[in-house]
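The values are calculated or read from the model by the stated rules, or taken from the named source; none is laboratory data. Source: prediction; values computed, not measured. Note that each Cβ is placed from the backbone with ideal geometry, even for glycine, and that neighbours are counted across all protein chains shown. The protein model used for the area step is the full one, side chains on, heavy atoms only, and it has no ligands, DNA or RNA in it. Shrake-Rupley method; radii C 1.70, N 1.55, O 1.52, S 1.80 Å.
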Amino acid sequence: GENVEQHPSTLSVQEGDSAVIKCTYSDSASNYFPWYKQELGKGPQLIIDIRSNVGEKKDQRIAVTLNKTAKHFSLHITETQPEDSAVYFCAAIADQTGANNLFFGTGTRLTVIP
Amino acid sequence: DSGVTQTPKHLITATGQRVTLRCSPRSGDLSVYWYQQSLDQGLQFLIQYYNGEERAKGNILERFSAQQFPDLHSELNLSSLELGDSALYFCASQRGGEETQYFGPGTRLLVL
(Lines give C-alpha, C1' and ligand atoms only; values in the text may rest on other atoms or scores of the structure.)
Protein backbone atom coordinates (compact mmCIF):
# COMPACT_ATOMS: atom_id res chain seq x y z
CA GLY A 1 0.00 0.00 0.00
CA GLU A 2 0.88 3.68 -0.03
CA ASN A 3 3.40 5.01 2.47
CA VAL A 4 3.58 8.74 3.14
CA GLU A 5 6.47 10.26 5.07
CA GLN A 6 6.38 13.78 6.43
CA HIS A 7 9.11 16.10 7.73
CA PRO A 8 9.75 17.82 10.00
CA SER A 9 7.67 16.57 12.92
CA THR A 10 7.89 19.95 14.64
CA LEU A 11 8.60 23.39 13.23
CA SER A 12 8.89 26.74 14.98
CA VAL A 13 9.03 29.98 13.03
CA GLN A 14 8.88 33.65 13.85
CA GLU A 15 5.71 35.48 12.88
CA GLY A 16 6.06 36.76 9.33
CA ASP A 17 8.57 34.11 8.28
CA SER A 18 7.82 31.25 5.89
CA ALA A 19 7.23 27.63 6.81
CA VAL A 20 7.85 24.62 4.58
CA ILE A 21 6.65 21.08 5.23
CA LYS A 22 7.74 18.22 2.99
CA CYS A 23 6.18 14.86 2.20
CA THR A 24 7.19 11.88 0.10
CA TYR A 25 5.00 9.08 -1.13
CA SER A 26 5.76 5.60 -2.37
CA ASP A 27 3.00 4.65 -4.81
CA SER A 28 3.45 6.15 -8.27
CA ALA A 29 -0.27 5.57 -8.89
CA SER A 30 -1.21 8.21 -6.29
CA ASN A 31 -2.83 11.14 -8.01
CA TYR A 32 -4.40 13.38 -5.37
CA PHE A 33 -2.56 15.10 -2.53
CA PRO A 34 -4.50 17.12 0.06
CA TRP A 35 -3.15 19.03 3.04
CA TYR A 36 -5.09 19.24 6.26
CA LYS A 37 -4.76 21.56 9.25
CA GLN A 38 -5.81 20.23 12.63
CA GLU A 39 -6.31 22.55 15.56
CA LEU A 40 -6.54 21.30 19.10
CA GLY A 41 -9.80 19.49 19.75
CA LYS A 42 -10.98 19.72 16.15
CA GLY A 43 -11.09 17.52 13.10
CA PRO A 44 -8.70 17.89 10.16
CA GLN A 45 -9.63 20.79 7.90
CA LEU A 46 -8.70 20.78 4.23
CA ILE A 47 -6.57 23.81 3.42
CA ILE A 48 -5.31 23.04 -0.08
CA ASP A 49 -4.99 20.12 -2.45
CA ILE A 50 -3.21 19.30 -5.67
CA ARG A 51 -3.74 16.74 -8.38
CA SER A 52 -1.02 14.90 -10.23
CA ASN A 53 -1.56 16.78 -13.47
CA VAL A 54 -0.57 20.05 -11.78
CA GLY A 55 2.89 21.05 -10.52
CA GLU A 56 1.95 23.94 -8.26
CA LYS A 57 -1.13 25.51 -6.72
CA LYS A 58 -1.47 28.67 -4.67
CA ASP A 59 -4.19 30.07 -2.45
CA GLN A 60 -3.27 33.38 -0.84
CA ARG A 61 -0.45 32.65 1.66
CA ILE A 62 -0.53 28.90 1.07
CA ALA A 63 1.05 27.03 -1.82
CA VAL A 64 1.68 23.40 -2.62
CA THR A 65 4.20 21.99 -5.07
CA LEU A 66 4.32 18.48 -6.50
CA ASN A 67 7.21 16.65 -8.09
CA LYS A 68 5.82 13.43 -9.56
CA THR A 69 9.19 12.16 -10.73
CA ALA A 70 10.69 12.42 -7.27
CA LYS A 71 7.38 11.50 -5.59
CA HIS A 72 7.38 14.38 -3.19
CA PHE A 73 5.16 17.35 -2.45
CA SER A 74 5.52 20.33 -0.17
CA LEU A 75 3.40 22.87 1.64
CA HIS A 76 4.60 26.46 1.79
CA ILE A 77 3.08 29.01 4.13
CA THR A 78 4.28 32.59 3.72
CA GLU A 79 3.92 35.51 6.11
CA THR A 80 3.03 33.17 8.94
CA GLN A 81 0.64 34.34 11.64
CA PRO A 82 0.00 33.00 15.16
CA GLU A 83 -3.30 31.51 13.98
CA ASP A 84 -1.34 29.29 11.59
CA SER A 85 -0.13 27.36 14.66
CA ALA A 86 -1.59 23.85 14.37
CA VAL A 87 -0.71 20.33 13.27
CA TYR A 88 -0.50 19.91 9.51
CA PHE A 89 -0.99 16.59 7.73
CA CYS A 90 -0.18 15.69 4.18
CA ALA A 91 -2.02 12.81 2.55
CA ALA A 92 -2.19 10.87 -0.67
CA ILE A 93 -4.76 8.76 -2.42
CA ALA A 94 -3.78 5.68 -4.38
CA ASP A 95 -7.01 4.69 -6.07
CA GLN A 96 -6.04 1.21 -7.16
CA THR A 97 -8.99 -0.75 -5.82
CA GLY A 98 -11.83 1.70 -6.37
CA ALA A 99 -11.39 3.06 -2.87
CA ASN A 100 -10.33 6.62 -2.21
CA ASN A 101 -9.09 6.32 1.32
CA LEU A 102 -6.40 8.76 2.41
CA PHE A 103 -2.95 7.70 3.52
CA PHE A 104 -1.68 10.31 5.96
CA GLY A 105 1.75 11.51 6.91
CA THR A 106 2.62 11.59 10.58
CA GLY A 107 1.96 15.31 10.97
CA THR A 108 3.98 18.48 11.57
CA ARG A 109 3.33 20.61 14.63
CA LEU A 110 3.83 24.20 13.50
CA THR A 111 4.33 26.89 16.11
CA VAL A 112 4.37 30.51 15.02
CA ILE A 113 6.09 32.67 17.61
CA PRO A 114 4.63 36.20 17.88
CA ASP B 1 -17.68 24.03 9.89
CA SER B 2 -17.30 21.13 7.45
CA GLY B 3 -20.98 20.16 7.52
CA VAL B 4 -20.12 16.70 8.87
CA THR B 5 -21.48 15.97 12.33
CA GLN B 6 -20.41 13.34 14.82
CA THR B 7 -21.88 12.27 18.11
CA PRO B 8 -21.04 11.93 20.87
CA LYS B 9 -18.13 14.33 21.23
CA HIS B 10 -16.66 12.43 24.17
CA LEU B 11 -17.17 8.90 25.38
CA ILE B 12 -15.75 7.26 28.49
CA THR B 13 -16.30 3.56 29.01
CA ALA B 14 -14.74 0.47 30.52
CA THR B 15 -12.82 -2.41 29.00
CA GLY B 16 -15.02 -5.11 27.54
CA GLN B 17 -17.86 -2.74 26.76
CA ARG B 18 -19.45 -1.86 23.42
CA VAL B 19 -20.04 1.63 22.03
CA THR B 20 -21.59 3.14 18.92
CA LEU B 21 -20.28 6.26 17.24
CA ARG B 22 -22.51 8.17 14.86
CA CYS B 23 -21.70 10.25 11.80
CA SER B 24 -23.92 12.36 9.56
CA PRO B 25 -22.29 13.30 6.25
CA ARG B 26 -22.67 16.57 4.39
CA SER B 27 -25.89 16.90 2.50
CA GLY B 28 -25.58 15.08 -0.81
CA ASP B 29 -22.40 13.17 0.06
CA LEU B 30 -22.71 9.45 -0.58
CA SER B 31 -19.40 8.24 0.84
CA VAL B 32 -18.46 8.00 4.50
CA TYR B 33 -15.00 7.11 5.69
CA TRP B 34 -13.98 6.25 9.24
CA TYR B 35 -10.50 7.03 10.55
CA GLN B 36 -8.81 6.39 13.87
CA GLN B 37 -6.29 8.86 15.26
CA SER B 38 -4.02 7.64 18.02
CA LEU B 39 -0.75 9.01 19.35
CA ASP B 40 1.32 6.04 18.22
CA GLN B 41 -0.42 5.20 14.93
CA GLY B 42 -1.41 8.61 13.60
CA LEU B 43 -4.45 8.89 11.33
CA GLN B 44 -5.41 5.50 9.95
CA PHE B 45 -8.19 4.51 7.61
CA LEU B 46 -10.67 2.00 9.01
CA ILE B 47 -13.53 1.53 6.56
CA GLN B 48 -15.49 3.21 3.78
CA TYR B 49 -19.16 3.05 2.85
CA TYR B 50 -20.69 4.31 -0.35
CA ASN B 51 -24.44 4.72 -0.65
CA GLY B 52 -25.12 2.06 1.95
CA GLU B 53 -22.58 -0.50 0.85
CA GLU B 54 -19.13 -1.29 2.15
CA ARG B 55 -16.56 -0.09 -0.40
CA ALA B 56 -13.16 -0.59 1.23
CA LYS B 57 -11.56 -1.82 4.42
CA GLY B 58 -8.37 -0.66 6.03
CA ASN B 59 -6.82 -1.55 9.36
CA ILE B 60 -10.12 -2.31 11.04
CA LEU B 61 -10.18 -4.87 13.82
CA GLU B 62 -12.69 -7.70 13.74
CA ARG B 63 -14.16 -6.29 16.98
CA PHE B 64 -15.13 -3.18 15.02
CA SER B 65 -17.93 -2.93 12.48
CA ALA B 66 -19.80 -0.21 10.68
CA GLN B 67 -22.86 0.38 8.59
CA GLN B 68 -24.43 3.11 6.53
CA PHE B 69 -28.17 3.60 6.67
CA PRO B 70 -30.61 4.61 3.90
CA ASP B 71 -30.48 8.24 5.09
CA LEU B 72 -26.69 7.97 4.59
CA HIS B 73 -25.70 8.45 8.20
CA SER B 74 -23.17 5.92 9.42
CA GLU B 75 -22.41 4.20 12.68
CA LEU B 76 -19.16 2.68 13.85
CA ASN B 77 -19.58 -0.07 16.43
CA LEU B 78 -16.67 -0.92 18.71
CA SER B 79 -17.02 -4.00 20.90
CA SER B 80 -14.98 -5.84 23.54
CA LEU B 81 -13.13 -2.59 24.07
CA GLU B 82 -9.52 -2.61 25.14
CA LEU B 83 -7.36 0.15 26.63
CA GLY B 84 -5.59 0.48 23.30
CA ASP B 85 -8.82 1.45 21.56
CA SER B 86 -8.68 4.83 23.26
CA ALA B 87 -8.33 7.31 20.42
CA LEU B 88 -10.04 9.95 18.37
CA TYR B 89 -12.42 8.58 15.77
CA PHE B 90 -13.21 10.72 12.77
CA CYS B 91 -15.59 10.28 9.95
CA ALA B 92 -15.20 12.05 6.66
CA SER B 93 -17.68 12.43 3.85
CA GLN B 94 -17.16 12.74 0.13
CA ARG B 95 -19.35 13.58 -2.81
CA GLY B 96 -19.65 10.98 -5.56
CA GLY B 97 -17.03 11.47 -8.28
CA GLU B 98 -14.91 13.86 -6.20
CA GLU B 99 -11.75 13.24 -4.21
CA THR B 100 -12.06 15.80 -1.43
CA GLN B 101 -12.95 14.43 1.97
CA TYR B 102 -14.46 16.65 4.66
CA PHE B 103 -13.88 15.62 8.25
CA GLY B 104 -16.20 15.82 11.20
CA PRO B 105 -15.12 17.08 14.63
CA GLY B 106 -14.46 13.58 15.91
CA THR B 107 -15.41 11.44 18.89
CA ARG B 108 -12.84 11.12 21.65
CA LEU B 109 -13.07 7.63 23.13
CA LEU B 110 -11.45 6.83 26.45
CA VAL B 111 -11.44 3.23 27.61
CA LEU B 112 -10.63 2.78 31.29
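Worth pointing out:
- Qualifying residues in region A:24-39 (those that are closer than 24 Å to B:Gly104 by Cβ and buried (at least 17 other Cβ atoms within 10 Å of the Cβ)) - the one modelled with the lowest pLDDT: A:Tyr32
- Only one entry of A:Val4, A:Val13 meets the criterion of being within 11 Å of chain B (Cβ to nearest Cβ) and open to solvent by less than 60 Å² (accessible area, probe 1.4 Å), and that entry is A:Val4.
- Among residues of region B:1-26 that are within 14 Å of another protein chain (Cβ to nearest Cβ), those with a Cβ under 8 angstrom from a residue that is loosely packed, with under 12 Cβ neighbours inside 10 Å and in a loop (DSSP other than H, G, I, E, B), sequence gap 6+ or separate chain, pair up as B:Gly3/B:Ser27.
- Taking (1) open to solvent by 80 Å² or more (accessible area, probe 1.4 Å); (2) within 20 Å of B:Leu72 (Cβ to Cβ); (3) not basic (Lys, Arg) in turn, B:Pro8 satisfies each apart from (1).
- Being farther than 27 Å from B:Leu88 by Cα and not in a strand (DSSP E or B) is a condition met by at least one residue of region A:30-47.
- Taken as a whole, region B:75-90 holds at least one residue that is within 13 Å of chain A (Cβ to nearest Cβ) and buried (at least 20 other Cβ atoms within 10 Å of the Cβ).
- At least 2 residues being open to solvent by less than 60 Å² (accessible area, probe 1.4 Å) and more than 14 Å from chain B (Cβ to nearest Cβ) is the threshold, and among the strands (runs of 3 or more DSSP E) wholly inside region A:57-114 those reaching it are A:62-67, A:72-77, A:108-113.
- Check on B:Leu43, open to solvent by 30 Å² or more (accessible area, probe 1.4 Å), closer than 18 Å to A:Gly1 by Cβ and free of Cβ contacts under 8 Å to residues at least 60 places away in the same chain: no
- Qualifying position, being under 30 Å from A:Tyr88 (Cβ atoms) and either in contact (Cβ under 8 Å) with a residue 60 or more places away in the chain or within 14 Å of chain A (Cβ to nearest Cβ) (or both), among B:Asn59, B:Asn51: B:Asn59
- First in region B:72-88 and without any contact (Cβ under 8 Å) to a residue 60 or more places away in the chain, second anywhere and outside any strand (DSSP E or B), Cβ under 6 Å, 6 or more apart: B:Leu72/B:Pro25; B:Leu88/B:Gly106
- Per-region count, region A:40-56, residues modelled with pLDDT under 95, open to solvent by 60 Å² or more (accessible area, probe 1.4 Å) and within 11 Å of another protein chain (Cβ to nearest Cβ): 2
- If you go through region B:61-74 and pick out every residue that is open to solvent by 40 Å² or more (accessible area, probe 1.4 Å) and either among the aliphatic types (A, V, I, L, M) or closer than 22 Å to B:Asp29 by Cα (or both), you end up with 6.
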